[in-house]
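S.K.: Can you read through this structure? Questions will come right after.
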Amino acid sequence: MRMPKFRGVKRWGTIISALLLSSILLAACGETSPSILNPQGPVASKEAGLFWFILVVATIVFVAVESVLIYSIVRFRERPNMPNPRQLHGNNTIELIWTIVPSLFLFAVLIGTIYTMFNLNSISGQGRIIDIKVVAHQWWWEFDYTNDNIVTADELVVPVGTVIRTTLASSNVIHSFWIPQITGKTDVVPGRANEKLFRADTPGTYLGICTEYCGLQHANMRFQLVVLPQASYVSWLHNQQSAAQTPTDPNATAGMKLFQGSCVACHGIVGVNLQPGGQQLTAQYGGGSATTLKGPNLTHFATRTTIAGLVLTWNPQSCVVGTDSSGKPAIQNPAACGLYKWLRDPQAVKPGNDMQIGKLSDTQIAQLIAYLESLQ
Amino acid sequence: MSYARGEQVGTIDEHGHEGGRSINWWGMIFFIASEALIFANFIAAYLYLEIRNGNWQLPSELTYPLINTGILLASSIPARFAGAAIVKGNQRNLKIGLFFTALMGAIFLGGQVYEYTGLFGNHFTPSATIFGSSFFMLTGFHGLHVTVGVLFLVICLLRSLRGDFTAKNHFAVQAAEMYWHFVDGVWIVVFSLVYLLPLIRG
Amino acid sequence: MATRTIGESIRLTKRRKSFSESYIGEWIMTIDHKKLGIMYMVTAFFFFLVGGTEALLVRTQLAVPDGKVLTAEIYNQLFTMHGTTMIFLFVMPMLTGFGNYVVPLMIGARDMAFPRMNAFGYWVVLFGGLFLSASFLFGQAPNAGWFNYAPLNELTTGCGATAVSCTTGLNTDFWALGILMLGVSSIAGSLNFVVTILKMRAPGMTINRMPLFTWMTLITAFLLLFSLPSVTAASILLLLDRHIGTHFYQAGAGGDPLLWQHLFWSFGHPEVYILILPAFGMISEILPVFSRKPIFGYTFIAWSGVAIGFLSFTVWAHHMFAVGLPMVAQAFFATSTTLIAIPTAVKIFNWIATIYGGKVRFTASMMFAVGFIAMFLIGGLNGAALAVVPFDYQVTDTYFVISHLHYVLFGGTVFAVFGGIFYWFPKISGRLLNERLGKWQFWLMLVGVNLTFFPMHILGLLGMPRRVYTYAGNLGWNELNLLSTIGAFIIAVSIMVFVWNFIVTLRSGEKAGDDPWDAYTLEWDTSSPPKAYNFEVIPTVRSRRPFYDKKNPDIADWKTATH
Ligand code: HEA
Ligand code: HEA
Ligand code: CUA
Ligand SMILES: [Cu+2]
């Protein structure tokens, strides 16, 4: 058992460095990941910049310390007939040196830290600042565009290159607001109206994640940040500000009846059970505001692409309403239709969530889906 | 030199005489220190909430609390009296001291119960407001300590009636006295915070 | 002067005779610090297996995306209990066990200052631990995370939007009562350590000659004494909120959820140093013995421990960077957190300097000690990165933090604990653990730990939040999670190797003799295992290495060294 240990040390060194290397590669080119090293806005860029800075410092310290350690255990291994070493108790000069040198490193890191901290919010963008009240529910997100009179759920749509000022409010426990590629976290604390400024520089869709443990379905409390070019944002906004259309299709009409029968207890639809004009939707939640209803606002649900905190995707193309063998309306390929799964049994999809409903028949589901598809 | 004495093993330093306070004394001091820190945390919590919620005013008179405070503070005197007595082996004064300390403690507790009843009558309860929560937390926790202290004193009193203590061997009395002074001292802080702070902040 | 004969100690042994004399009864009724130390350690190891099994379940669920092994409810209970068990029922009792066994021997005392209180502390830990674990039987194990944030801790599963008013379910009551019990035990234990170490040292053993493990145990005991009251107070307020209807943590009624965080972390941060300082102490005992040199920079190691102790009370809000504290406050806590790295660095350098220029014997114990330095460094550098506030906004509550805490706790404390077990086991049992198996265990563990916890850094950077029972398959997290799970099972194998080693050694291990390592401190100057009264003659101490002096009278430290 003499040499293997030495080789072992080397082997282990190789493993570590291989892992380190692959890590950086993976992180930098993780296309599909919400990687913080692939920032798409000034806030996340500053934060990622600091990472590279500390990575360099830490790597220098790591390599230096581990090499001395490995050198010592290799060089000073016990060999046959080795005399006893000199009984050295210490040395004050060297203590002084190795107190000061790391302090200098740490001081450099600290300066970078404090400088960036105080600069994180100094960002500017085109046009006016958009104010959005973010309300975190267990376990979904609600976005109240305070100046534009609209409320959306689980999808935060913003124009590119514009400063967004969010005010964070919680309806119950602590959550945390995070869009890795755009901005670091700020907690959503009941009773506090934390603010968070950010700007997104590339159109696209980014994952938003709740990162403070908030109970059973914390894992499924996500949202999407949709960054649109300025022009598309304006037309999106105009559409959102309009009331919901009244459907003409018979299935959808039947669905609307059903919806008005039971779903409106929790869901708001402007023009159906809510008055146009977002402010009337709102109630106070410790600094933020949102609908007083238990569930998401579905006024323009057909423009959405995900369901219930991204547990399912939603695409009207995959939920075609046809007829079954007995001629009743039915979804043609239920397995492909996320919304079908949701309405069939929301508790199976996202156990414990607040949508507690009775069992719906396939016909009812098809009619409801037809209605929801009409909510352009 | 090390020697075995009853329960614990002590050391004598190299010069051969006993080093300062007894081991039990040190144990008691650190125990009290950790108790004091629990109070410190409650007090910090109280202040934190007070500052966030602004001016808190009790819906009651200051008279009873003031009288109560007087009694509690004064009760440290018989406690010291008892402690000083037993060091000299004076059994009679020990009993007298313990008795009056415990009695005054009990009166304090009675006063506190009386005060609480009044407050409850005014719909000032732990669940009514955050001030209520904080007030009863702090004074109640202190009251609990007074209760423990009184029990401690009563036990010492009973033991002294049996003649358990001597001039050499009376750690329980010493500990009870230390604990009592501690409970007293904490009350000064609690009282200032709960009753006097609102006056200053007016 | 400072001698005493065996005759005097007979009174001690005689007094013990009055306790039950059956084998079981002897253990149950014991107030001997050595027996209690063993009981602490065995109990702690049992809970290590429990906590480890919980971790394996967690890892199994996360091995692949959309894992179906556990439900959300069970998962949340498991990770909460994993953290709680590992910290409160494994590491803390384990370190207390070492302290109990070793410290009185090291300082030349015959027992702890308050032997009965010592026994009381042990039984409270045992019942507290069983109480906490019993929650599983009710299907209501704590499920709000090991730091149990308000107001979540005032709700239970499925309460949803109805928020703070609904407090059915005992999950958090188990947690709060369990923590209160363990707190009582720790207070009793630390009182005992403080008084023992301050008042019962052998003649000549000045504070500056105490072994470093004793030093670190002393600092740890003070940290416990000063930090536990915070979590005690916090838990009492929590129970009042839950059962009396007060509003301390309820924003709507004037309370503040952040009050919990301040109280908890002003305990929680000193706590993490409570979990590492005794480990630092063990390393400082093991390295010199196997390098055949005295510890390098004794004074600096000791006093940097004191510095860490003080600083640890000033950094708590680095766990709260994202809650929206004023920037100036955040800058303060970033600064204090950065400062605390300096005394830690001093320790690391001194350890390496102890090895440097020595004659290094690679026993299993030494390998764990060296592994400790290597792994703890990774964890420490991570910690330093977490103190970089804007970067922490990105990685807080992600697997990056999980990686940090396991590198310091597993790569740090657990490695040191195994180092300590291999080192002191011969003293405790009279037999040497098998070195070959020990080395197998070490290498398996080293590989396992890095395979499990290194990928978590990257997962954090790739945006994976912690405390999620499931994740989607399209986020680039799959491979790394699988690696991590494989690593966890490698760790499990390494631990089984240890269990095997333990059993084999107890049955047929090589006899150790009194001083198998040619060590320096007083515990080795007793028989293995030591007699109930520890020392026949209480030794007189003239330097930091009393037993070395005794064995090498010509070159004794007190003749040659200048301190
Ligand atoms: C054994 C326990 C232990 C130890 C010793 C440490 C040590 C440190 N920890 Fe750690 N920490 C935990 C256990 C521990 N931690 C746990 C359990 C959590 C998570 C709790 C939870 O959320 O569940 C946590 C979380 C945690 C956070 C919060 C992260 C978050 O939630 O966002 C932070 C932030 O600052 C932090 C920082 C540090 C620092 C700076 C150190 C320092 O002490 C490290 C110092 C050491 C070094 C830096 C290495 C040696 C130094 C040199 C060689 C000098 C040169 C170095 C440089 C130039 C960088 N820790
Ligand atoms: C000392 C502390 C300690 C230790 C040693 C460990 C050890 C391990 N931890 Fe631990 N962990 C924490 C402290 C610790 N952890 C804390 C504080 C948290 C935060 C909790 C929270 O968020 O609230 C955490 C969280 C945590 C998570 C994150 C969970 C989440 O956020 O969702 C994960 C995930 O992989 C994990 C994994 C592991 C693994 C794989 C090990 C392994 O190293 C375990 C190895 C041990 C074994 C494998 C035991 C051996 C068992 C056998 C051999 C089986 C035989 C069984 C019998 C005989 C009965 N831990
Ligand atoms: Cu909301 Cu986690
Ligand atoms: Cu910390």
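Only the coordinates and a few stated rules stand behind these numbers; no lab work does. Note that the structure is predicted; figures quoted are calculated from it, not measured. FYI the Cβ positions are ideal-geometry reconstructions off the backbone, even for glycines, and counts take in every protein chain you see.
S.K.: If r is the Cβ-Cβ distance from A:Asn333 to C:Phe332 and R0 is 51 Å, what FRET efficiency results, to the nearest 0.05? Provide the component values of the computation, followed by the final result.
M.R.: Working: r = 59 Å, r/R0 = 1.16.
According to the calculation, E is roughly 0.30.
S.K.: If we count other beta carbons within 10 Å of each Cβ, what is the order of C:Ile87, C:Ile179, fewest first? Walk me through the intermediate numbers first.
M.R.: Working: C:Ile87 21, C:Ile179 24.
Placing the least packed residue first, the sequence is C:Ile87, C:Ile179.
S.K.: About the Cα centre, and with charges only on the beta carbon of Lys, Arg (+1) and Asp, Glu (-1), how big is the dipole of chain A? Nearest 20 debye, please. Don't skip to the end; give the middle numbers.
M.R.: Numbers: 26 positive and 21 negative charges, 318 e Å.
That gives a dipole near 1520 debye.
S.K.: Between segment A:53-119 and segment C:531-557, how far is it from one alpha carbon centroid to the other, in angstrom?
M.R.: 34
S.K.: Let me ask something additional. Would you pull out the residues with amide H under 5 Å of C:Tyr469's amide H, same chain only if 5 or more places away, H placed 1.01 Å from N?
M.R.: A:Ala219
S.K.: Still on this structure, please answer the following. Among A:Ile174, A:Ile130, A:Pro329, flag the residue with its Cα farthest along the positive direction of the charge dipole of chain A, charges on Cβ as +1 for Lys/Arg and -1 for Asp/Glu.
M.R.: A:Ile174
S.K.: Amide H of A:Thr186: which non-local residues (sequence gap of 5 or more, or other chain) have their own amide H closer than 5 Å, using H built in the peptide plane?
M.R.: Residues meeting the criterion, in which the H sits 1.01 Å from N, are A:Phe177.
S.K.: Right, here's the next one. What number comes out for the charge environment of B:Thr125, summing +1 per Lys or Arg and -1 per Asp or Glu over other residues with Cβ under 15 Å away? All intermediate terms of the calculation are to be shown ahead of the outcome.
M.R.: On the way: positive: none; negative: B:Glu115, C:Asp241.
Here the count lands on -2.
S.K.: Further question: Lys/Arg Cβ at +1, Asp/Glu Cβ at -1, dipole of chain C taken about the Cα centre: which of C:Thr338, C:Met29, C:Ala488 is farthest positive-ward?
M.R.: C:Met29
S.K.: Applying 1/(1 + (r/R0)^6) with R0 = 60 Å to the Cβ-Cβ distance of B:Leu73 and A:Thr202, what FRET efficiency is obtained, to the nearest 0.05?
M.R.: Values: r = 70 Å, r/R0 = 1.17.
After rounding, the FRET efficiency stands at 0.30.
S.K.: Convert each backbone phi in segment C:438-447 into a coupling constant with the Karplus relation 6.51 cos²θ - 1.76 cosθ + 1.60 (shift: θ = phi - 60°), then list the ³J(HN,Hα) values in order as whole Hz, x for Gly and Pro.
M.R.: In residue order, the calculated couplings are x, 5, 4, 4, 4, 5, 4, 5, 4, 5 Hz.
S.K.: Roughly what would the spin-label model give for B:Ile155 and B:Ala33, points 7 Å off Cα along C-beta, in nm?
M.R.: 2.3
S.K.: Starting from the 7 Å offset along Cα-to-Cβ, what nm value, one decimal, do you get for the label separation of B:Asn55 and A:Ser262?
M.R.: 5.5
S.K.: Enumerate the calculated ³J(HN,Hα) couplings along segment C:389-396 in order (Karplus 6.51 cos²θ - 1.76 cosθ + 1.60, θ = phi - 60°), each rounded to whole Hz, writing x wherever the residue is Gly or Pro.
M.R.: 3, x, 5, 4, 3, 6, 9, 4
S.K.: Still on this structure, I have one more. Would you kindly calculate the translational diffusion coefficient of segment A:130-240, applying Stokes-Einstein with the Kirkwood radius from alpha carbon pairs, for 10 °C and a viscosity of 1.306 mPa s, and quote it in µm² s⁻¹ without decimals? If you can, show how the numbers build up before the last one.
M.R.: Working: Rh = 13.9 Å.
Translational diffusion coefficient: 115 µm²/s.
S.K.: Continuing with the same structure: Tell me which residues come under 5 Å, amide H to amide H, from C:Thr398 once H is placed; ignore anything under 5 positions away on its chain.
M.R.: Long-range HN contacts for C:Thr398: C:Arg466.
S.K.: Which percent of Cα pairs goes in each bin when the distances of chain C are cut into 20 angstrom slices starting at zero?
M.R.: Computed distribution, short to long bins: 21, 56, 22, 2.
S.K.: How long, wide and thick is chain A, going by the Cα atoms along their three principal axes, in whole angstroms, largest first?
M.R.: Dimensions of chain A along the principal axes of its Cα atoms: 97, 50, 35 Å.
S.K.: Can I ask one more? At q = 0.04, 0.06, 0.09 Å⁻¹, what log₁₀ I(q)/I(0) does a Debye calculation on the Cα points of the protein assembly as shown give, no solvent, two decimals?
M.R.: For the protein assembly as shown at q = 0.04, 0.06, 0.09 Å⁻¹, log10 I(q)/I(0) is -0.24, -0.54, -1.13.
S.K.: Counting partner chain Cβ atoms within 10 Å of every residue's Cβ in B:23-33, what's the average?
M.R.: Values: counts 7, 3, 2, 7, 10, 2, 3, 11, 5, 0, 6.
Average neighbour count from other chains, rounded to a whole number: 5.
S.K.: Turning to a different aspect of this structure: If you filter segment B:26-62 for chymotrypsin sites (Phe, Trp or Tyr not before Pro), then keep DSSP loop positions with at most 12 other Cβ within 10 Å, what is left?
M.R.: Values: sites: B:Trp26, B:Phe30, B:Phe31, B:Phe39, B:Phe42, B:Tyr46, B:Tyr48, B:Trp56; in loops: B:Trp56.
Within segment B:26-62, no chymotrypsin sites (Phe, Trp or Tyr not before Pro) qualify (loop, at most 12 other Cβ atoms within 10 Å).
S.K.: Shape verdict for segment A:103-187, please, from the Cα gyration tensor: rounded (a/c under 1.5), prolate (a/b greater than b/c) or oblate.
M.R.: Values: a/c = 3.13, a/b = 1.63, b/c = 1.92.
It comes out oblate by the Cα gyration axes.
S.K.: Okay, next question. Quick one: Debye curve from the C-alpha atoms of segment A:250-373, no solvent, what's log10 I(q)/I(0) at q = 0.15, 0.21 Å⁻¹?
M.R.: Those come out to -0.71, -1.32, one per q.
S.K.: Nearest 20 debye, what's the magnitude of the dipole of chain C about its Cα centre given +1 on Lys and Arg Cβ and -1 on Asp and Glu Cβ?
M.R.: Working: 36 positive and 28 negative charges, 379 e Å.
For this selection, approximately 1820 debye.
S.K.: Sticking with this one: Taking every DSSP beta bridge with both residues inside the protein assembly as shown, roughly what % is antiparallel (nearest 5)? The partial results should precede the final answer.
M.R.: Numbers: 46 of 61 bridges.
Roughly 75 percent of the DSSP beta bridges within the protein assembly as shown come out antiparallel.
S.K.: What Kirkwood hydrodynamic radius do you get for segment B:54-98 when you take the inverse of the mean 1/r over all pairs of distinct Cα atoms, in Å?
M.R.: Result for segment B:54-98, one decimal place: 12.6 Å.
S.K.: What FRET efficiency comes out for A:Arg86 versus C:Leu506 if R0 is 41 angstrom and r is the Cβ-Cβ distance? Round to the nearest 0.05.
M.R.: That pair, A:Arg86 with C:Leu506, gives E of 0.55.
S.K.: Related question: From the phi of every residue in segment C:474-489, what ³J(HN,Hα) in whole Hz does the Karplus formula 6.51 cos²θ - 1.76 cosθ + 1.60 yield, where θ is phi - 60° and glycine or proline is x?
M.R.: Coupling constants for segment C:474-489: 9, 10, x, 9, 5, 4, 5, 5, 5, 3, 4, 5, 4, x, 4, 6 Hz.
S.K.: To continue, here is another question. Work out the mean other chain Cβ neighbour count within 10 Å for the residues of C:137-145 and drop it here as an integer.
M.R.: On the way: counts 0, 0, 0, 0, 0, 0, 3, 4, 3.
Other-chain Cβ atoms within 10 Å of each residue's Cβ, averaged: 1.
S.K.: Taking Cα pairs under 8 Å and at least six residues apart, what relative contact order does chain C come out at, in percent? Show your work: numbers first, answer last.
M.R.: Numbers: 888 pairs, mean separation 97.7, N = 563.
After rounding, I find 17 percent.
S.K.: Can you put C:Tyr273, B:Tyr114 in order, fewest other beta carbons within 10 Å first?
M.R.: On the way: C:Tyr273 24, B:Tyr114 12.
Arranged by neighbour count, lowest to highest, C:Tyr273, B:Tyr114 become B:Tyr114, C:Tyr273.
S.K.: If you don't mind, there's one more thing I want to ask. Take the alpha carbon atoms of segment B:114-157, find their center, do the same for segment C:327-387, and report the distance between the two centers in whole angstrom.
M.R.: 48
S.K.: For segment B:4-201, what does the alpha-carbon gyration tensor say about shape, rounded, prolate or oblate, given a ≥ b ≥ c as the root eigenvalues, a/c under 1.5 as rounded, and a/b over b/c as prolate?
M.R.: Prolate shape, in that a/c is at least 1.5 and a/b is the bigger ratio.
S.K.: Could you tell me which of A:Asn147, A:Thr202, A:Pro229 has its Cα farthest along the dipole of segment A:130-240 towards the positive end, charges placed at Cβ (Lys, Arg +1; Asp, Glu -1), taken about the Cα centre?
M.R.: Of A:Asn147, A:Thr202, A:Pro229, it is A:Thr202.
S.K.: Can you tell me the dipole magnitude for the protein assembly as shown around its Cα centre, using point charges on the Cβ only (Lys, Arg +1; Asp, Glu -1), in Debye to the nearest 20? Display every interim value, and only then the final one.
M.R.: Values: 73 positive and 60 negative charges, 714 e Å.
Value, rounded to 20: 3420 debye.
S.K.: Could you give the nm distance between label points at C:Lys531 and A:Gln356, where each point is 7 Å from its Cα heading toward the beta carbon?
M.R.: The answer from the label model is 7.0 nm.
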